[in-house]
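What follows is one structure encoded as structure tokens, with my remarks underneath.
Just so it is clear, none of the values below were taken in a lab; they were calculated from the coordinates. Not measured: the values here are computed from a predicted model.
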């Protein structure tokens, strides 16, 4: 068995062990505004990105609190819209602000949540056996019809291995309520992960996985957990617009049965605030 094959098997095994090992203890609720797998690479220093992540529930549940709907509104027919502005602070750290909106079936267009986050990468590519990154987010919930936790914190390690034209990415998710309903509970655990093949610049295939199963110290029954498989196509449209879209299939009773995600982003260099990062650095 040659060395590239051994390395590929090792990368796949590491990501699967990470996800499956964590799943034995917990998972977090799936975030319907963010069907996105975050890669190791961050935005370049001085680069701004505008992104919109969208999902529509084509076949969901008829009551609030089921499937992707955590609040009063039913998930069936729900449209989720997330608008994100990201800026590359340094060569290794980016900052983002989010505006989350939703359109429940027959209920108009609602403001849901405001979020802020930092995301970064550790070391340069190839220094470690698997490229590592980090993600820290603060969520301010203003509309209890969607979520009655006022403030939540979300943390994600990011693991990525690129082998030839394939990329394997895993984002274990740890979430904790800081204020509001659930503040006395522990962390939840969830995951997003993806495998991608770089076929052409404009059109490439991939498959993504999202899931959630409850608190770390008290997972929900499997039938109540949410797990989705999402085959996607991704690439770049004219004028530098990048896209990622595909149908999501729920594989448990607690999941919505069918959803469709369609994400678009556009980036542009606007000017750097800080100088280049040190080649010997590992964080900044």
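Mean separation of Cα pairs under 8 Å and 6+ residues apart, divided by the residue count of the chain: what relative contact order is that in percent? Write down the numbers at each step before the final one.
Working: 817 pairs, mean separation 59.9, N = 284.
In percent, rounded to a whole number, it is 21.
Write down, largest first, the equivalent ellipsoid semi-axes of region 58-133 in whole Å, where each equals the square root of 5 times an eigenvalue of the alpha-carbon gyration tensor. Kindly include the intermediate steps, with their values, before the conclusion.
Details: eigenvalues 255, 51, 14 Å².
Value: 36, 16, 8 Å, ordered largest first.
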Problem - Rounded tilt (10° steps) of 3-23 against the dominant C-alpha axis of the chain - result: 30
Fill in the blank from the handout: Which of 211, 180, 235 fluctuates most in a GNM of the chain (C-alpha springs under 10 Å)? That residue is 180
Fill in the blank from the handout: As a percent rounded to 5, the proportion of antiparallel DSSP bridges among beta bridges in the chain is 100
Practice task
Name the most mobile residue of 45, 156, 201, meaning the one with the largest mean-square fluctuation, in a Gaussian network model of the chain with Cα contacts below 10 Å.
Solution key: 201
Handout entry: Mean ellipticity per residue at 222 nm, deg cm²/dmol - from DSSP H runs of n ≥ 4 across the chain, formula -39500 (n - 2.57)
Key = -2500 deg cm²/dmol
Handout entry: For q = 0.08, 0.11, 0.12, 0.17 Å⁻¹, Debye-computed log10 I/I(0) when each Cα of region 3-269 counts as one equal scatterer
Key = -0.30, -0.60, -0.72, -1.56
Completion exercise
Expressed in angstrom and rounded, the centroid-to-centroid distance over alpha carbons for region 118-135 and region 37-110 is 24
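In the calculated pair distance distribution of region 121-263, what percentage of Cα-Cα distances lie above 23 Å?
Values: 4980 of 10153 pairs.
Here the tail beyond 23 Å accounts for 49 percent of pairs.
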